[in-house]
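Remarks on the structure that follows.
The values are calculated or read from the model by the stated rules, or taken from the named source; none is laboratory data. This one's a predicted model, so the numbers in the text were calculated from it and none came from an experiment. Positions of Cβ are generated from backbone atoms using ideal geometry, with glycine treated the same way; all protein chains shown enter the neighbour counts. These area figures cover heavy atoms from the full protein model, side chains too; ligands, DNA and RNA do not enter into them. Shrake-Rupley method; radii C 1.70, N 1.55, O 1.52, S 1.80 Å.
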Amino acid sequence: MRRIARAFCNAANRIVRRSHWYRNIYFCGADKFWRFNTFNLDVANTGSNSGKYAFNYDGLPVKGFNMALGPQSLEHDFNILKNYFSYLHEGARIIITLCPFSCLHSKYGAEARRKYYTFLHPATIDGFDDAERMEVLRFMENPFKAKPKMCIKFVVREMIGKLLYRRVSEVDFSQSAQAFIDGWKKQFGIVDLDAPLSSQHVEQMEQRAGVLRDMIDFCTARSFKPILVIPPVHPALSVFLTEKFRDRYIYDFLRKVNRPDVQFMDDMVLPGFEQDEYFINALFISELGAKRYTRIVLDRVGLLGGIDSEIR
Amino acid sequence: MVVDNSGMSIQLSNGVTMPPIGLGTYPVYGEAMCKMIVDGWDSGYRMIDTSDNYYNEEDLGVALSRLYEARNAKRGDLFLVTKISDELYPVNQPGAGTNRGIFFWKSSPMMQSPTAVHDIISRKIERSLRSLNTEYIDLLLVHRPYPDYIHEIWAEFERFYKQGVVKAIGVSNYHARNIEALSSCEVLPMVNQIEVSPLNTRKSLIEYCRSQGIKVMVFAPIMTLRTVRDSAYHDMLQGLSKKYDRTPAQVLLRWNVQQGLIPIPKSTQRSRLEENIAIFDFSLEDDDMSLIDSFNENRQYVVESKACPGF
Ligand SMILES: NC(=O)c1ccc[n+]([C@@H]2O[C@H](COP(=O)([O-])OP(=O)(O)OC[C@H]3O[C@@H](n4cnc5c(N)ncnc54)[C@H](OP(=O)(O)O)[C@@H]3O)[C@@H](O)[C@H]2O)c1
């Protein structure tokens, strides 16, 4: 009887661990770090969701690692880099992905923290809590035993969802863009994106600029080459992000960072990269788009040795 | 069989001498420790490496008492190395053996007092002395280049060194950049204990240490025998093993000492202890040294940035 129960539990664990819910919702894709053990990387990128979706090194003649995870703050982009830089060889490129509001402070709940327990050193987890760590790691190792009801609920829901909704619905990019804009305005308390920043936001920008500066200096002190990148967004979204907005929220931010020697690629509006197929929504790039965009960036920094000169 | 390597001792920059090979002790506890220490002594080992976070200093202390009794050995015959470290998660917890982030990290509640570094190191040294049942430590190492307190920790090390409680001080897992951060200090590290293997030859760091008069001690010197899957690597070792009529472990350890490195292999098996120290009566030809070097991939067995982020 015991053996049957154990076999059942093991099988259930396997199903849960393979589920989209466990890997991508509960742990937000952190499982890519669990087995990662490739040394001598030529390139890695940091970032939150925009970095996570923008880069894909599969099939390229470079060793690359997409370290981005979402959602997360710039501080945690840095913390991941601090934990994983030993995998890069000297002189490797580190693509620091920025998004339209990287300069502001975004708050995330305890739920966003749990993924870090599975792959970061405790000293680099903001708000670290030993009891929480224990709970998360127990769930990670043995999900069905740790939270059977939750597993059944979400995995069954996922299975039913897969059966019922086979066809991917078309994305309405205008609606998606509007949703992002509304979400950001609410999240950061902004009424007019073109207006000057509030004093509170200016303060946050100063503090964030310090983090980004530290991140750049961290790379150069270890003989890595940092590159700042803003990946393309869908034209439906870029229309909202005017020159004025970009000057205030991005260029001013970088002026405060004050590392003019670091290469900066502002690709928010990238000619030739406007097609819908390159995006999954107005902000995030699709797998097809990521493969193309990664080639574009790596080609610019000379990592593809000119083999892709016709790609643009 | 006892290997006498007393004539081959290594001199540190402060004149202290140490044996050319040591005995690793992680993870060895209780009776196994007692047996290993006596077997190690009988085989010729005179240097023993431990650490506060191997949680076996007390067991080593008991083993040493037994050794002194059973073999008429004296404290002065041995060279004891220990380290000051962060805590590790215990074996019965998830993530066992990984760092806890309690000591020497600014974010830790344990580090909020202005005298935290001083207090913790003093307590740790006291404890090591008591556990090892000794009045001095031959070599004390900072286990990792904890980035938040690199200078403060070293200042404490200098203090204990000047007091004579520790005869020599050094670092572990430090890169040139971390050692350079200490260049304005009064006393420079005498030893850097690092991972070196044919898959991670560390040539430039070794060269840097040499240029600074720092001796390089090597942990996990034969771990690749267990962890590497690549058959070409094992074929190479087998080939050299046949050529020199030595075991692969001996080839690896000889490759270490022939570069002036000081390996600290661990084994709880008597025959292996003897095997690992019988490496001072043959040498590898230059071409074979280069052949071993050619397997370098900069592959770390213990990933440094995960163990000590931001170092
Ligand atoms: N400073 C640091 O950060 C750090 C990190 C890791 C380790 N260390 C220290 O370095 C010491 C050595 O490193 P390590 O123990 O990780 O690795 P190691 O000594 O290279 O390898 C130990 C492993 O090799 C086996 N072994 C020993 N002799 C052998 C032989 N002749 N043939 C085949 N296998 C053999 C041992 O098994 P048996 O015991 O069964 O023989 C054990 O599994 C540690 O014990 C510890 O004191 C320091």
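General observations
- Residue match in region B:289-296 (condition: within 14 Å of another protein chain (Cβ to nearest Cβ), within 20 Å of B:Cys209 (Cβ to Cβ) and assigned to a loop (DSSP other than H, G, I, E, B)): yes
- Test: A:Ala54 is among the aliphatic types (A, V, I, L, M) and without any contact (Cβ under 8 Å) to a residue 60 or more places away in the chain: no
- Scope region B:166-184; condition part of a loop (DSSP other than H, G, I, E, B) and within 16 Å of the ligand (Cβ to nearest atom); matching residues: B:Asn173, B:Tyr174, B:His175
- Test: B:Arg159 is open to solvent by 20 Å² or more (accessible area, probe 1.4 Å) and within 16 Å of the ligand (Cβ to nearest atom): no
- Residue match in region A:201-220 (condition: part of a loop (DSSP other than H, G, I, E, B) and either farther than 24 Å from A:Gly302 by Cα or not aliphatic (A, V, I, L, M) (or both)): no
- Pair list, Cβ under 7 Å, 6 or more apart: region B:198-226 residue over 19 Å from B:Glu275 (Cα atoms), other residue of a type in the set (Phe, Trp, Tyr) and in a loop (DSSP other than H, G, I, E, B): B:Pro198/B:Phe295; B:Leu199/B:Phe295
- Here A:Glu132 meets each of (1) open to solvent by less than 60 Å² (accessible area, probe 1.4 Å); (2) away from chain B (no Cβ under 14 Å); (3) among the acidic types (Asp, Glu) with one exception, condition (2).
- Test for B:Ala32: is it within 11 Å of the ligand (Cβ to nearest atom), more than 24 Å from B:Arg144 (Cα to Cα) and either more than 14 Å from chain A (Cβ to nearest Cβ) or among the acidic types (Asp, Glu) (or both): yes
- Candidate set: region B:39-66, residues that are among the β-branched types (Val, Ile, Thr) and within 24 Å of B:Gln193 (Cα to Cα); chosen: the one nearest to the ligand (Cβ to nearest atom): B:Thr50
- Any chance A:Lys145 is assigned to a helix (DSSP H, G or I), open to solvent by 70 Å² or more (accessible area, probe 1.4 Å) and in contact (Cβ under 8 Å) with a residue 40 or more places away in the chain: yes
- Residues being over 23 Å from B:Ile264 (Cα atoms) and either crowded, with 17+ Cβ neighbours inside 10 Å or in contact (Cβ under 8 Å) with a residue 40 or more places away in the chain (or both) - total across region B:111-126: 5
- Within region A:59-86, being away from chain B (no Cβ under 12 Å), part of a loop (DSSP other than H, G, I, E, B) and closer than 20 Å to A:Gly302 by Cβ holds for A:Gly59, A:Leu60, A:Pro61, A:Val62.
- Looking only at region B:135-147, and only at residues there that are more than 13 Å from the chain's Cα centre (by Cα) and crowded, with 17+ Cβ neighbours inside 10 Å, the one that is nearest to the ligand (Cβ to nearest atom): B:Pro145
- Any chance B:Glu69 is more than 12 Å from the ligand (Cβ to nearest atom), free of Cβ contacts under 8 Å to residues at least 12 places away in the same chain and among the acidic types (Asp, Glu): yes
- Residues that are away from chain B (no Cβ under 14 Å) and open to solvent by 50 Å² or more (accessible area, probe 1.4 Å) were ranked within region A:201-237; the one that is farthest from B:Gly310 (Cα to Cα) is A:Val202.
- The helices (runs of 4 or more DSSP H) located wholly in region B:185-252 that include 1 or more residues which are more than 14 Å from every other protein chain (Cβ to nearest Cβ) and near the ligand (Cβ under 8 Å from one of its atoms) occupy B:224-227.
- When A:Phe8, A:Phe39, A:Phe65, A:Phe119 are checked against the criterion of being out of contact with any Cys (no Cβ under 9 Å at 6 or more places or on another chain) and open to solvent by less than 10 Å² (accessible area, probe 1.4 Å), a single residue qualifies: A:Phe39.
- Matching residues, region B:253-265, being away from the ligand (no atom under 13 Å from the Cβ) and either part of a strand (DSSP E or B) or under 19 Å from B:Ser294 (Cβ atoms) (or both): B:Gln258, B:Gln259
- Within region B:270-291, the set of residues being within 15 Å of the ligand (Cβ to nearest atom) and in contact with a helix residue (DSSP H, G or I) (Cβ under 8 Å, 6 or more places away or on another chain) comprises B:Arg270, B:Arg272, B:Leu273, B:Glu274, B:Glu275, B:Asn276, B:Ile277, B:Ala278, B:Ile279.
- Considering (1) out of contact with any Lys or Arg (no Cβ under 8 Å at 6 or more places or on another chain); (2) modelled with pLDDT under 95, the lone condition that A:Asp126 does not fulfil carries the number (1).
- Which numbered condition B:Tyr301 misses (of (1) within 20 Å of the chain's Cα centre (by Cα); (2) open to solvent by less than 60 Å² (accessible area, probe 1.4 Å)): (2)
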